[in-house]
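Read-outs throughout are calculated quantities, based only on the coordinates presented, and are distinct from any laboratory measurement. Keep in mind the model is a prediction, meaning the values are calculated, not measured. Here the Cβ is made from the backbone with ideal geometry for all residues, glycine too, and neighbour counts use every protein chain on show.
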Amino acid sequence: MKKNVQLYILLAFIGASIAAFAFYKLNPDNADNKKEGYTSSNLPMKQNDVGTKSIGREATLGAVGDILIHDRVYNEAKVDDGFDFKPMLAEVKEALEKPDVLLANQETIVAGEKIGLSSYPSFNSPHEVADALVDAGVDIVTTANNHSLDRGVSAQKQSLEYLNKINLPYVGTFASEEDQQKLRVLESNGIKIAYLSYTYGLNGISVPKNEAYIVNLIDKEKMKKEIAIAKKQADFIVMGIHWGIEYERNPNQEQKNLAQFLVDEGVDIIFGGHPHVLQPMEWLYDKNGEKSLVVYSLGNFLSGQADDYRDIGGMVTVKVSKTELGGKTTKKMEVPSFYPTYVYSKNDKGYKMVPLEDAGKLGLPDSKQNYQEIMTHMLKGVHPK
Ligand SMILES: [Zn+2]
């Protein structure tokens, strides 16, 4: 949700003067936010009405999976003057608005019609996809995934340009080296959350050497450095990561090893994607016994893929808190919840998202058992026995 969220683009490597420049450049329309007392290194995306005195603070962080827009989906969103994806999300919007900060993985670029829309295997989606996400309560998107460079570097940049235009923060792909060096930190209820994002690869497309900033590829050294910076500037670190094997319902050893590495370095929550199906969540512990949450795959959220669990996704939410007492800060993470969703369609028509619980009414066979099975699948690793 929005009201208590503000984005700080905290500068990792560069000085405040560049920050001021970047602020105006990135967000010229928001220059008047300065009157609210923000410094020029902040990028307040939304109104913040939170005081600063409370001792205990908490925020609910949410995440949904892949927004993977096939032509059959955008064709169904066509309206007279463009596209409208909001009706597709209408029945899950109320739930999506609940978390204080909601993350989604924008798998396909949203560079819009100007460069030609396209579907699998080289996607480009209408701008209006991003509009619908913002409308539904999404606060930030990860953009590092195997489709990041489907249509090339310039198309990715045009997509980011649109996200900037509508003030939807993104992480994982970047418009410039400076952009890449800015840590994304969202603040909600006085809790600062850093968002990072990396992908295993780009479907065989290589990153141009002189534009290496365009996308974050998984690189342990690079991740380690960024996590260290994030630790200094945020209370919690969230990693959105693109990994794993498509259509596998459980994580492989490579995912498990990388998750443990990230947790050991200081990541608090890992939201995974790419398998197109849900993979469970579990607690991992660092060497000091501190607990982190890993959700191996959030599956597809809105996509044109049907059957074999590919039309089932959902939202993970987890409440985090921070208490400051006697100069000592204690961080806590509660047991996460899961809200499973289903993408309804019939003969590639009528795409809409519904809570999985209601999918029986739309003809999903064995929907009750499906719901139970999905809840157990996702939560058995994190709920107390
Ligand atoms: Zn993917």
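Only helices enter the 222 nm calculation for the chain: every DSSP H run of n ≥ 4 contributes -39,500 (n - 2.57), and dividing by all residues gives -7500 deg cm²/dmol, rounded to 500.
Once the chain from Ile245 to Lys93 is taken as fully extended at 0.36 nm per residue, the excess over their C-alpha distance is 51.8 nm. The stretch 309-342 and the stretch 204-254 have Cα centres separated by 21 Å. Between the C-alpha center of the stretch 264-305 and that of the stretch 70-112 there is a gap of 23 Å. The stretch between Ala228 and Glu113 holds 37.4 nm of extra length on full extension. This uses 0.36 nm per residue minus the Cα-Cα distance. Counting only DSSP beta bridges whose two residues both lie in the stretch 5-379, roughly 65 percent are antiparallel.
Inter-label distance, Lys380 to Tyr120: 2.9 nm, where each label sits 7 Å from its Cα along the C-beta direction. Given the pairs Lys114/Lys349; Lys232/Lys291; Lys86/Lys220; Lys98/Lys231, which span a C-alpha to C-alpha distance of over 28 angstrom in this model? Distance filter (> 28 Å) returns Lys86/Lys220. Note on Val134 and Ile218: the extension gain reaches 27.5 nm, defined as 0.36 nm multiplied by sequence separation minus the Cα-Cα distance.
Note that the stretch 200-213 has calculated 3J(HN,Hα) couplings of 5, x, 9, 6, x, 7, 9, 7, x, 4, 7, 10, 5, 5 Hz, one per residue in order, obtained from phi through the Karplus relation 6.51 cos²θ - 1.76 cosθ + 1.60 (θ = phi - 60°); glycine and proline are x. Shape analysis of the chain places it in the rounded category; the axes a ≥ b ≥ c from the Cα gyration tensor give an a/c below 1.5.
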